[in-house]
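Novice: After the structure tokens below, expect a handful of questions from me.
Read the figures in this text as sums done on the coordinates, not as results from a lab. Quick caveat, the model's predicted, so the values are computed rather than measured. Don't worry about glycine lacking a Cβ; one is built from the backbone with ideal geometry, like all the others, and counts go over all protein chains shown.
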Amino acid sequence: MTQNKTPGTSPATYPPLDPDSFNQAYARLDAIANKLRSADNRLDIDALLPDVQAALAAYEICSQRLAAVREALEAQLGDGSTG
């Protein structure tokens, strides 16, 4: 099977995220979303999978951090309600 790639393009590589940094993970999600939404950006199918994998990893960190903050707030408030 041969791969047809646009010359000069390669899939994005992303450095590891700090699992305790909501802001870093959110910034990664925002950057990938903006890249995919960009009107002048032609979708590079070869880069799509790494982008989606990076976005999923960032989403997981954001989700875990939000859950941890929610749990800490509920413990502080003492009522156990989620909103």
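Novice: What is the sum of charges around PRO19, taking Lys and Arg as +1, Asp and Glu as -1, for the other residues whose C-beta is under 11 Å from the C-beta of PRO19? All intermediate terms of the calculation are to be shown ahead of the outcome.
Specialist: Details: positive: ARG65; negative: ASP18, ASP20, GLU60.
Around PRO19, the charge tally is -2.
Novice: Does region 15-58 come out rounded, prolate or oblate, given a ≥ b ≥ c as the square roots of the eigenvalues of its C-alpha gyration tensor, rounded meaning a/c under 1.5 and, failing that, prolate meaning a/b above b/c?
Specialist: oblate
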